[in-house]
Amino acid sequence: MADCIFCRIAAGEIPSNKLYEDDQLLAFYDLDPQAPTHFLVIPKVHIASVAEITPQNSAVIAHIYEVIARLAAELGLEQGFRVVTNCGPQGGQTVPHLHFHVLAGRDMTWPPG
Ligand code: 5GP
Ligand code: ZN
C-alpha cells in the first residue's frame, strides 16, 4: 500500500534501524522505545491488523514467531520478553499495518502490580 508507512519501511523507501530481514518479513527497532530492548516485526505483505489474518495469509505469522524466537536468543533475552500486537483503535493500534512489538530489559510482569 503506497500510503502505508510500514509498507514503505518494508520496501526500503523510509529508513529504519534494521535488525533482520528476509523475503517475508522485516524486524527493526521502534522509533520510540518503551523498554531497553524494543523492536517491531512486520510482514512485508500489507495485513492491516490481527483482525485481517485469514487462512490465505496466516503462514507468515508462524514465520514471524520463529524469527522472534531466534532474534530473542541472539539478543540474549534469556530473562524473558513480551510480544504485543495492538489491534484497532480501542486496542491501541496507531499504525494500520500488522506489527508485533518485542519488548525486554525491564520487569514485564502482567498484569502490572
Ligand atoms: P502501535 O501503536 O500501532 O501498536 O505501534 C506503532 C509503533 O510504531 C509505535 O511504537 C511507534 O513508536 C512505532 N513507529 C511509528 N512510526 C515509526 C517509524 O517511522 N519508524 C519506526 N522505527 N517506528 C515507528
Ligand atoms: Zn502496509
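Here are the numbers:
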quantity: Rounded to 10°, Cα long-axis angle of helix 59-74 versus longest principal axis of the chain; calculated: 40
quantity: Carbon and sulfur %, accessible surface of segment 1-47 computed with the full protein complex present, 1.4 Å; calculated: 52
quantity: Per residue solvent-accessible surface (Å²) - the chain, probe of 1.4 Å; calculated: 59
quantity: Average Cα contact separation per residue, the chain, under 8 Å, 6 or more apart, as relative contact order %; calculated: 29
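The values are calculated or read from the model by the stated rules, or taken from the named source; none is laboratory data. For clarity, every value in this text was computed on a predicted model and none was experimentally measured. Note: areas computed on protein heavy atoms with side chains; ligands, DNA, RNA excluded. Shrake-Rupley method; radii C 1.70, N 1.55, O 1.52, S 1.80 Å.
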